[in-house]
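Structure first, commentary second.
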Amino acid sequence: MSWFDWILTVMENLISDISIQKLVLVATIFLLATLAAFMARRSGIFNLALDGTILVSACFAFLFSQLTTHWMGDKPGAISVLAGVLAGVFAGVVFTALVGWLIIYAGGNDIIVGLVANYAARHFSLVITGLAASIVSTAAISKLPVVRLAFLDGIPIIGPILGQSSILSWLTAFVPVGIYMLVNRTRLGLCLRAAEENPTALVNAGVQVSALKMKGLLISGLLASFAGIGCVLGSGIIYSSESAAPQSYGYLALVVVFAAGGRLGKSCGFALLLSILTALPAMLSTVEKMPLPLVRSLVYLAALILMLLHVFRHRHRFKMGMRKQVTQAEQKLKDEKRLKEEQKQAEKQKKLREKQEQAKAEKAEKAEKAEKAAKPRGKTKKLTKTAPTPKVDGQPVADELEKKPVRKPRKPRTPKRPAQPEQASQDVSAAEGTTGD
């Protein structure tokens, strides 16, 4: 087989309907695990036990679906699927609650408790599957119902994605929207964000941080439980000690969330990228001369690259923040220095004005003292220069004129009226009488 034929075979396997369905299933499980890790981070807990939650839920979902089918004596159906889903959700939530109690209330370390829980879940799941295999001898397993859209069957890639996906895949497509609304539009989500960023503020506000973290962790366990259910009931594989359910989804989901900086959109994008790399070995298993171990290692190499990019970006942000702080500090020092110089200049100007005013006052005082010293001590009349007065026949005329006051013109007197005759006779008789006496 030539290289060109080999590449064509690889491309045909990648775009086949079976490969697309495997990719959709892996993307569903990976996205649910990523959302579970996101909610755990929002609660302020590094939930390393996500992989154990997925294993426990997958184990109990397989066990109870098989037991229900065996007890009913019928082929796998909706009742066995429902029993498996309920058992898987219950087991995953109980397992997460136990881990949360050890971390939150017992004060255990997140990493140590998570690692121990994962190892315990792995061995416990092998024991349970061995017990189920000894009780139930059937080789068939219940599968989640598939939503079929007949009008999309003719489309090559969109048809297998939208027309032949399980109900879990359809529900998972709307889960990120619900998580976004929960985190940004509800009181519980805002409190969870505060629990991650500033738990002291919640304590001062009277909120029980421990109970709040437990709620967020239980939501994380619920999402991880559905991821475990999708590993078994979504794929329809036989979960046994020889062929275990897919693992490492929890670890990769934590890597994705922390590489995305705890952002929901970036986390979902990175989860889809890693899900493609995770599904490559199953999609290319039938290709000849395909180095499957190398293909399996691509997803871990991509996760490492994402973490390194996150670290470099975090360092760059830290350096930029430090530079900004240093620049602000330098600017503050420059402003303080400039302010001190302006204050010094103002003080100098003030002192200079005070000296000038003092010099003017001293000069004025000296001039006043000099004037006082130049004046005679006795009373003297002021001598005024007058112009020479004209003289007539050797006598001064101006002095006489100046001595005479200037009179105002008098008003003309009114003439007296002449006396009447009767009055005149009375005056004459009065005069005679006086003379006779």
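Of note:
- Put simply, of Phe90, Phe124 the only residue that is surrounded by fewer than 24 Cβ atoms within 10 Å (Cβ to Cβ), at pLDDT 90 or above and either out of contact with any Leu (no Cβ under 7 Å at 6 or more places or on another chain) or over 12 Å from Leu217 (Cα atoms) (or both) is Phe90.
- Residues in the range 31-80 that are at pLDDT below 85 and among the β-branched types (Val, Ile, Thr): Thr68, Thr69, Ile79.
- Pairs where the first residue, in the range 243-267, is in a loop (DSSP other than H, G, I, E, B) and the second is modelled with pLDDT of 85 or more and among the acidic types (Asp, Glu), C-beta under 8 Å, 6+ apart: Gln247/Asp51; Ser248/Asp51
- Every pair of residues 6+ apart whose Cβ atoms lie under 6 Å, when the first sits in the range 307-325 and is closer than 26 Å to Leu274 by Cβ while the second is not in a helix (DSSP H, G or I): none
- Lone qualifier among Arg296, Arg338, Arg323 - being among the basic types (Lys, Arg), surrounded by 10 or more Cβ atoms within 10 Å (Cβ to Cβ) and within 30 Å of Leu23 (Cα to Cα): Arg296
- Leu55 touching a Leu at 6+ places or on another chain (Cβ under 8 Å) and among the hydrophobic types (A, V, I, L, M, F, W, C): no
- Which listed residue, of Leu31, Leu8, Leu23, is on the phi < 0 side of the Ramachandran plot, crowded, with 24+ Cβ neighbours inside 10 Å and part of a helix (DSSP H, G or I): Leu31
The values are calculated or read from the model by the stated rules, or taken from the named source; none is laboratory data. For clarity, every value in this text was computed on a predicted model and none was experimentally measured. Please note: Cβ atoms are built from the backbone with ideal geometry, for glycine as well, and neighbour counts cover all protein chains shown.
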